1. Looking at segment 170-195, which of its residues are of a type in the set (A, V, I, L, M, F, W, C) and open to solvent by less than 90 Å² (accessible area, probe 1.4 Å)?
2. Here's a check for you: in segment 168-218, which residue that is of a type in the set (A, V, I, L, M, F, W, C) and assigned to a loop (DSSP other than H, G, I, E, B) is modelled with the highest pLDDT?
3. Mind checking which pairs have a first residue in segment 69-82 that is touching a residue at least 12 places away in the same chain (Cβ under 8 Å) and part of a strand (DSSP E or B) and a second that is acidic (Asp, Glu) and surrounded by 14 or more Cβ atoms within 10 Å (Cβ to Cβ), Cβ under 6 Å, 6 or more apart or different chains?
4. Only one residue in Tyr122, Tyr150, Tyr88 is out of contact with any helix residue (DSSP H, G or I) (no Cβ under 9 Å at 6 or more places or on another chain), open to solvent by 50 Å² or more (accessible area, probe 1.4 Å) and modelled with pLDDT of 90 or more. Which one?
5. Tell me yes or no: at least one residue of segment 1-23 is surrounded by 10 or more Cβ atoms within 10 Å (Cβ to Cβ), at pLDDT 95 or above and closer than 23 Å to Lys179 by Cβ.
Amino acid sequence: MRKVALFLIISTFCFAQSERSRKFQITSGVEYRITPFNFKKQDDGIIFSPIKANYNRDSQLAGLSLNIGLDYFINKNMTIGLVQSFRYDQIFYQSSFNDEHGKTQLPVYGLILDTELQAKFYFTLKNNDKMFINLGYSFMNQNTDYSTTYNPDGNGEGSITQDFFKFNAYKIGVGYQYKNLELGIGTYIIENSDTFSDYGDSAFGIPFLKLNYNISKF
């Protein structure tokens with residue numbers, strides 16, 4: 001009997017130690033970004049550059065993305081982590097000319113990457129489910145480099161301009177956790193981005209809905 005009791009005590013102690021040592025957590029999920037909205041407009045209105053690629057901001061930024069993340073538990077109520085998102089979406093329009101149809105524009109698609117540094121603050125409810133606040137800083141629209149040729153006279157090769165649609169954003173959200181599932185809602189906040197200056201936006205937001213699954217801890 002003593003051996004059984006000793007075994008149970010040692011097993012419980014080892015299990016508790018193992019649980020406390022699990023500081024990392026792998027997550028995966030999907031995020032749906034809704035059409036961006038503007039906080040305010042520039043006084044000078046919309047400005048169009050003759051050599052900037054033609055694009056649609058709303059089509060480029062709204063839509064579904066897949067993500068995988070790694071969180072570190074500072075304590076049981078707070079994590080910091082890194083999230084990498086992937087989405088295949090429209091980057092810009094490719095213009096072409098022919099005698100029959102004149103100018104046509106075809107959308108060019110590609111793999112777009114977003115990298116986010118985040119912190120989560122959890123609040124345990126009476127039923128042991130949790131509410132959380134999510135704060136982050138994102139490096140968005142990676143892998144969106146492009147080049148355009150500007151040739152107003154139609155002679156020679158023209159001038160080639162290289163640019164990209166990268167920008168940084170703050171992120172704030174709230175959510176609910178049930179067991180290993182997390183459902184969140186929030187918005188990205190972009191301030192004074194030159195990337196989308198054609199829209200005359202000095203600041204705009206991208207609302208999102210997010211569903212995450214906490215895969216494992218180690």
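1. First, pick out the residues of segment 170-195 that are of a type in the set (A, V, I, L, M, F, W, C): 172, 174, 181, 183, 185, 189-190.
Those that are of a type in the set (A, V, I, L, M, F, W, C) and open to solvent by less than 90 Å² (accessible area, probe 1.4 Å): Ile172, Val174, Leu181, Ile189, Ile190.
2. Phe218
3. Partner pairs satisfying both residue conditions: Thr79/Asp71; Gly81/Asp71.
4. Tyr88
5. No, the conditions are met nowhere in segment 1-23.
The values are calculated or read from the model by the stated rules, or taken from the named source; none is laboratory data. None of these values were measured; they are calculated from a predicted model. Cβ atoms come from the backbone with ideal geometry, glycine included; neighbour counts cover every protein chain shown. Note: areas computed on protein heavy atoms with side chains; ligands, DNA, RNA excluded. Shrake-Rupley method; radii C 1.70, N 1.55, O 1.52, S 1.80 Å.
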